[in-house]
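The values are calculated or read from the model by the stated rules, or taken from the named source; none is laboratory data. These figures come from a predicted structure and were not determined experimentally. Cβ placement follows ideal geometry from the backbone for every residue including glycine, while neighbour counts extend to all protein chains displayed.
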Amino acid sequence: MNKVLGLKCKECGEAYEAGGSHVCDLCFGPLEVALDYDYIKSIISREKIEGGPISLWRYVDLLPVDSGWDPNVRVGFTPLQHAPRLGAAIGLKNLYVKNDSVNPTYSFKDRPVAIAVTKARELGYTVFACASTGNLASAVAAAGMKAGLETYVFLPADVEAGKITNAAVYGANLIAVNGTYDQLNRLCSEISDEEDWAFCNINVRPYYAEGSKTLAYETVEQLGWLAPDHVVVPIASGALYTKIAQGFREMVDVGLISNQSVRISGAQAEGCGPVAAAFAAGEQSFEPVRQPDTIAKSLAIGNPADGNYSLAVARQTNGVIESVTDAETVEGIKLLARTEGIFTEAAGGVTIATLRKLAQSGDIGVDELTVAYVTGNGLKTQEAVDGHVSVSVTIDPTMGSFEDAMDSRQQADMVWSAPQVTTG
Ligand SMILES: *Cc1c(COP(=O)(O)O)cnc(C)c1O
Ligand SMILES: [Zn+2]
């Protein structure tokens with residue numbers, strides 16, 4: 001018996017062996033991993049998971065790898081933080097933040113990459129690679145180099161400086177491309193036709209994508225084996241969004257919880273919101289965005305591979321996919337920081353701003369047990385808040401100077417950095 005049945009076409013259902021392929025020969029649809037849920041149900045239990053490693057590997061029975069994973073790198077099992085102050089600020093009574101900005105390379109991308117690098121080695125690849133909007137670059141560089149694989153990372157030349165440094169430091173081959181993510185992704189597809197490389201988000205994408213399911217598993221376990229009512233997830237390619245939906249379903253399929261009806265809402269930036277635009281228009285499929293224009297560069301995919309599947313998930317789960325402006329995104333970053341002490345990157349700002357918008361519109365009910373997925377760390381995109389945050393005042397190292405500053409603060413009616421949040 002084996003937990004992995006093979007690969008399966010998402011469009012026509014054709015079955016394939018579990019190798020390094022990602023496209024259906026019959027209909028060119030994308031392939032995904034097919035798991036044997038009955039078998040997994042017979043070997044999995046809450047107790048077994050709770051006794052497992054403090055990382056995403058505690059769910060290895062639900063992941064498409066055999067055994068060669070690196071137990072030394074702690075990916076996943078990140079904090080699910082109760083967020084009463086943020087909740088009070090936006091009018092939600094039962095809010096949690098899943099803080100995935102504390103993974104080894106500071107974004108959730110360490111999760112899918114952990115699966116991809118393990119599978120790449122199982123399949124005998126010696127070169128590990130990716131096309132990245134920024135965060136995937138550092139995750140692949142770190143994991144590939146640590147695994148001793150030759151590693152190539154492609155990313156847009158105009159990503160944030162912090163993302164370049166964070167990717168370059170691991171010593172992988174870092175190739176900056178003058179163009180949009182969609183252009184460099186096309187280039188990487190051509191390279192992967194020529195070279196026998198394991199490209200995370202191309203030929204090993206079916207395995208890679210599975211890693212994101214663990215965010216749903218952890219949420220359920222950390223809530224005491226309970227599914228939330230509503231979650232808000234950022235959308236770039238839509239892989240994370242659709243895989244979180246799958247993760248909640250699987251918790252029921254393998255008997256770990258008895259039912260779930262999680263509403264899965266999605267967050268995009270207005271300057272690159274093809275899925276949100278299609279959702280608003282009631283369409284089944286999206287129109288690609290040719291020139292993304294947003295500070296949320298990690299979400300700037302104009303032609304998302306899982307965009308149409310995301311639309312289907314939103315409809316099936318009674319979720320909403322919304323977009324927010326860059327100004328709202330900056331507000332989202334600051335709001336999360338001052339209420340819950342978490343500094344997130346622009347993508348997290350998009351998520352929090354969307355959460356707020358959906359709370360205000362009533363799309364998220366006041367009492368719904370809601371989880372917002374904060375997927376990346378603010379130190380990587382400091383540009384996003386340049387000019388929006390600063391020191392309150394600069395003084396000389398004397399009591400006199402300090403007292404003058406305090407006086408002028410009182411006269412100016414507390415204009416330093418007046419807290420704009422009231423909590424109940
Ligand atoms: C990549 C990324 C996402 C979205 O990922 P997809 O699976 O492509 O939709 C969200 N947040 C951050 C910080 C990311 O880097
Ligand atoms: Zn097919």
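Every condition in (1) outside the structural domain of LEU335 (by TED's automatic domain parsing); (2) within 16 Å of ligand 1 (Cβ to nearest atom); (3) of a type outside the set (A, V, I, L, M) is met by GLU47 except one, and the failing one is (2).
Could you check how many residues of region 1-58 are in a strand (DSSP E or B) and of a type in the set (Gly, Ala, Ser)? Let's see the steps before the verdict.
Going through region 1-58, the residues in a strand (DSSP E or B) turn out to be 4-9, 15-16, 23, 30-35.
Subsequent filtering for residues that are of a type in the set (Gly, Ala, Ser) retains 6, 15, 34.
Residues flagged as in a strand (DSSP E or B) and of a type in the set (Gly, Ala, Ser) within region 1-58 amount to 3.
Each residue in region 179-194 was checked for being surrounded by fewer than 19 Cβ atoms within 10 Å (Cβ to Cβ) and either farther than 11 Å from LEU155 by Cβ or touching a Leu at 6+ places or on another chain (Cβ under 6 Å) (or both), and 8 pass. Among the residues making up region 227-266, those that are out of contact with any Gly (no Cβ under 9 Å at 6 or more places or on another chain) and part of a loop (DSSP other than H, G, I, E, B) are ALA227, PRO228, ALA236, VAL254, GLY255, LEU256, ILE257, SER258, ASN259, GLN260, SER261. Annotation: GLU283 fulfils all but one of (1) outside any helix (DSSP H, G or I); (2) in contact with a helix residue (DSSP H, G or I) (Cβ under 6 Å, 6 or more places away or on another chain); (3) within 19 Å of THR242 (Cβ to Cβ); the unmet one is (2). Could you list, in sequence order, the residues of region 372-386 that are within 14 Å of TYR106 (Cβ to Cβ) and outside any helix (DSSP H, G or I)? Within region 372-386, VAL374, THR375, GLY376, ASN377 meet the criteria.
Considering region 9-30, and only residues there that are among the charged types (D, E, K, R) and under 21 Å from SER237 (Cα atoms), the residue that is nearest to ligand 2 (Cβ to nearest atom) turns out to be GLU11. Pairing residues of region 59-87 that are under 25 Å from GLY144 (Cα atoms) and without any contact (Cβ under 8 Å) to a residue 40 or more places away in the chain with residues that are of a type in the set (A, V, I, L, M, F, W, C) and in a loop (DSSP other than H, G, I, E, B), at Cβ distances under 9 Å and at least 6 apart in sequence or on separate chains, gives VAL60/TRP69; ARG74/ILE54.
Working only within region 341-384, note down all residues that are of a type in the set (D, E, K, R) and away from ligand 1 (no atom under 12 Å from the Cβ). Within region 341-384, ARG356, LYS357, ASP363, ASP367, GLU368, GLU383 meet the criteria.
Yes or no: VAL313 touching a Ser or Thr at 6+ places or on another chain (Cβ under 7 Å), of a type outside the set (D, E, K, R) and within 19 Å of PRO112 (Cβ to Cβ)? Steps first, please.
Numbers: touching a Ser or Thr at 6+ places or on another chain (Cβ under 7 Å): yes; of a type outside the set (D, E, K, R): yes; within 19 Å of PRO112 (Cβ to Cβ): yes.
Yes: the conditions hold for VAL313.
Just one of (1) over 30 Å from ASP367 (Cα atoms); (2) modelled with pLDDT of 95 or more fails for ASN203. It is (2). Does ASN303 meet the test of being closer than 22 Å to SER212 by Cβ, surrounded by fewer than 23 Cβ atoms within 10 Å (Cβ to Cβ), away from ligand 1 (no atom under 12 Å from the Cβ) and not charged (D, E, K, R)? No. In the set ALA143, ALA88, ALA176, ALA139, only one residue is surrounded by fewer than 24 Cβ atoms within 10 Å (Cβ to Cβ) and either among the aromatic types (Phe, Trp, Tyr) or part of a helix (DSSP H, G or I) (or both); that residue is ALA88. Please verify whether LYS3 is surrounded by fewer than 17 Cβ atoms within 10 Å (Cβ to Cβ), of a type in the set (D, E, K, R) and away from ligand 2 (no atom under 16 Å from the Cβ), treating the condition exactly as stated. So LYS3 fails the test. Looking across ALA131, ALA161, one residue alone is surrounded by fewer than 17 Cβ atoms within 10 Å (Cβ to Cβ) and aliphatic (A, V, I, L, M). It is ALA161.
To keep it simple, each residue is scored yes or no on (1) among the hydrophobic types (A, V, I, L, M, F, W, C); (2) closer than 30 Å to THR165 by Cβ; (3) within 16 Å of ligand 1 (Cβ to nearest atom).
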| site | (1), (2), (3) |
| --- | --- |
| ASN2 | no, no, no |
| GLU14 | no, no, no |
| LEU26 | yes, no, no |
| GLY29 | no, no, no |
| ASN94 | no, no, no |
| THR105 | no, yes, yes |
